[in-house]
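Since the structure comes first, as structure tokens, the remarks are kept for the end.
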Amino acid sequence: MEFAELIKTPRADNVVLHRPFHPAVEGTLCLTGHHLIFSSRRQDNVEELWLLHSNIDSIEKRFIGSLGTIIIKCKDLRIIQLDIPGMEESLNIASSIEALSTLDSITLMYPFFYRPMFEVVEDGWHSFLPEREFELLSSVTNEWRLSYINKDFSVCPSYPPIVTVPKSIDDESLWKVATFRHGGRFPVLSYYHKKNGMVMMRSSQPLTGTNGRRCKEDEKLINATLRAGKRGYIIDTRALNIAQQARARGGGFEQEVHYPQWRRIHKSIERYNILQESLIKLVEACNDQSHNMDRWLSKLEASNWLTHIKEILTTACLAAQCIDREGASVLVHGTEGTDSTLQVTSLAQIILDPRCRTIRGFEALIEREWLQAGHPFQQRCAQSAYSNSKQKWEAPIFLLFLDCVWQILRQFPCSFEFNYHFLIMLFEHSYASQFGTFLGNNENERCKLKLPQKTMSLWSWVNRPEELNRFKNPLFEANSLVIWPSVAPQSLQLWEGVFLRWNRSSKFLDESYEEMINIIKYNKELQVKVNMLRRQLAELETDDSTQDDGISESP
């Protein structure tokens, strides 16, 4: 298919662009295969807007006489308006945008056509390989091994080719366990706690069914993570009644009789359709311009967004507590093990592991616990809060995770090397990007699409020094301690940087942030001067004492 077939009117003049916090501007609108480009060439004011078609969630058309208005609602939650003279031109442009923003084929998306304008110093596709992560693990313990049982994705289609498992469990046992777990997602290592040697594993639900089916290899595998005389915790991210209902469909949960050393705890985290509805309601509340306080608060409460944040953070804190304070190993799973499970395991690591609070450590976490672990980004991020089409598999799972990270960052502003701009950038690229990192639903699909050969990695761009500086937290001071966020309702706030940035000017926030950076910079300069003066004073004192010694020794 040629993009030209979908573009009925490639260019329109005298178009007026309306954007939040910008005056209306007149210019030329151009449509390409992947971008909507608006350009104003007025001498006093050069304006240019490049918008990826894949960032468009929905469009609305209105007509007043021959003037057409197209309202474009984006996946990054911004809303722009284009006033286009001529009804035919307006209809053509609207239908072209609709067609180009809903392409089915992944290989027609922009990452396959994007060519970087910067020098590629680091190939991000090879920055966080499992072998490299395993080197860090093997420097502190020899109880684990890399298994290549899934190298052709035949054992588990949503797992990576290489996984970390207990050394005492062979591949034949893994194969048997995979047949006992939903989607073949057998328990694998998620995190090793250096302080006490406890671990966190993740998987999908066991296929016990109504007959109480068991798998001795599964029992042996998760028992291999326990120390002698120790108990472990299974954190099931479903309410007990949901887990019990799953048995009727062939799923289920670990029964105490077969797992006597494990205590099962159910912590209910909602699933995708409920979470998508929650996002839609939240964004609708944030866009409400009525300025009625009661209405705003009731809409915010009705969205349940902060309730979901609280549920996820509470479960992550529980997992971290079991590991660090109880000295127990943990297995986390829900149904598939690709959504709430990953929210919990990754947030628990941010709480426990200082490395995950650095930029590279956080990137490694996203690679390991989201991309390689098989979170279906292509399905979950197909639509955002404005789409009119019927929901299938869409859900803001990753956005909720980033929101939880922001909540912790806000409570511990000096413990993170990255700032909130870094989190917003990840949110934007997970929904629409020129990079191939978030394309596909798992490593299997990314291999078939040959993404490392045909597209650029997000990390290749982010990790360039000139980009990294934008994402560094000026308050950062390395903190080797475990950090325990408060999950009290009073401690959780609406993430303005995402949900209100197109509704309210951030001018004063930006100015205060700049001022903070200047103060920190000035403080560092003063610190250098203080250290230099101290050295000079020490040298003068040394010289004086030497002279005094010389005088006292003379006859």
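Odds and ends about this structure:
- Put simply, the amide H of Tyr191, placed in the peptide plane, has neighbours under 5 Å in Met200, leaving out anything fewer than 5 places away on its chain.
- Taking 20 Å as the straight-line reach from the Cα of Lys8, the aspartates and glutamates in range (excluding those fewer than 8 positions away in the same chain) are Glu60, Asp83, Glu88, Glu89, Glu98, Asp104.
- When nucleic acids and ligands are ignored and a 1.4 Å probe is applied, Glu477 ends up with an accessible area of around 130 Å².
- Shape class for the range 261-371, computed from the alpha carbon gyration tensor (a ≥ b ≥ c): prolate, with a/c not under 1.5 and a/b above b/c.
- Inter-centroid distance (Cα atoms) of the range 286-345 relative to the range 157-221, Å: 25
- Along the range 389-394 the Karplus relation, 6.51 cos²θ - 1.76 cosθ + 1.60 evaluated at θ = phi - 60°, assigns HN-Hα couplings of 6, 5, 5, 10, 10, 5 Hz to successive residues, with x for each Gly and Pro.
- Packing order of peptides 362-374, 333-345, highest average first: 333-345, 362-374 (average count of other Cβ atoms within 10 Å over each peptide's residues).
- Helices meeting the span-like rule in the chain (full DSSP H runs, Cα extent of at least 24 Å along the helix axis, mean Kyte-Doolittle score of -0.5 or higher): 305-324.
- Entry comment: accessible area of the range 448-516 is 58 Å² per residue, from protein heavy atoms only and a probe of 1.4 Å.
- For the range 7-21, 3J(HN,Hα) computed residue by residue from phi via the Karplus equation (6.51, -1.76, 1.60; θ = phi - 60°) reads 9, 7, 10, x, 8, 9, 9, 6, 8, 9, 9, 10, 9, x, 6 Hz, glycine and proline entered as x.
- Between Ser58 and Lys73, the built amide H atoms are under 5 Å apart, and every one of these is 5 or more places off in sequence or on another chain.
- Of the listed residues Asp123, Asp324, the order by accessible area with a 1.4 Å probe, largest first, is Asp123, Asp324.
- On the beta carbon distance between Phe118 and Tyr513, with R0 = 25 Å, the FRET formula returns roughly 0.50.
- Residues whose amide H comes within less than 5 Å of that of Thr208, counting only those at least five positions distant or on another chain, are Gly252, Phe253 (H built at 1.01 Å from N in the peptide plane).
- With a simple spin-label model that places each label point 7 Å from the Cα along the Cα-to-Cβ direction, the separation between Leu475 and Asp543 comes to 4.3 nm.
- In the full protein context, the range 1-54 carries 56 Å² of accessible surface per residue, based on a 1.4 Å probe and ignoring ligands, DNA and RNA.
- Taking a ≥ b ≥ c as the square roots of the eigenvalues of the Cα gyration tensor, an a/c ratio of 1.5 or more together with a/b no larger than b/c marks the range 364-417 as oblate.
- Computed over every Cα-Cα pair of the chain and binned at 10 Å starting from 0, the pair-distance distribution P(r) comes out as 3, 15, 25, 24, 16, 9, 5, 2, 1, 0, 0, 0 percent.
- Loop-resident sites, the range 222-305, for GluC sites (Glu not before Pro), counting at most 14 other Cβ within 10 Å (DSSP): Glu256
- With the helix formula -39500 (n - 2.57) applied to DSSP H stretches of n ≥ 4, the chain reaches a computed 222 nm mean residue ellipticity of -12500 deg cm²/dmol.
- Qualifying trypsin sites (Lys or Arg not before Pro) in the range 465-555, where qualification requires a DSSP coil assignment and no more than 16 other C-beta atoms within 10 Å, comprise Arg504.
- Solvent-accessible area, 1.4 Å probe, carbon plus sulfur percent, for the range 223-295: 48
- Whole-percent carbon and sulfur share, accessible surface of the range 39-115, 1.4 Å: 51
- Phi-based couplings in Hz for the range 184-191 (Karplus 6.51, -1.76, 1.60; Gly and Pro marked x): x, 7, 6, x, 10, 5, 10, 7
- Rounded FRET efficiency, nearest 0.05, which uses the C-beta distance separating Leu146 from Gln81 and R0 of 45 Å: 0.25
- Protein-only accessible surface order, largest first, of Met198, Met456, Met87, Met293 at 1.4 Å: Met293, Met87, Met456, Met198
- Neighbour-limited loop hits for GluC sites (Glu not before Pro), the range 119-182 (at most 13 other Cβ within 10 Å; DSSP other than H, G, I, E, B): Glu119
The values are calculated or read from the model by the stated rules, or taken from the named source; none is laboratory data. Bear in mind that the values here come from a model prediction, so they are computed numbers and not experimental data. Note that we place each Cβ from the backbone using ideal geometry, even for glycine, and neighbour counts take in every protein chain shown. Surface accessibility is based on the protein's heavy atoms, side chains included, excluding ligands, DNA and RNA. Shrake-Rupley method; radii C 1.70, N 1.55, O 1.52, S 1.80 Å.
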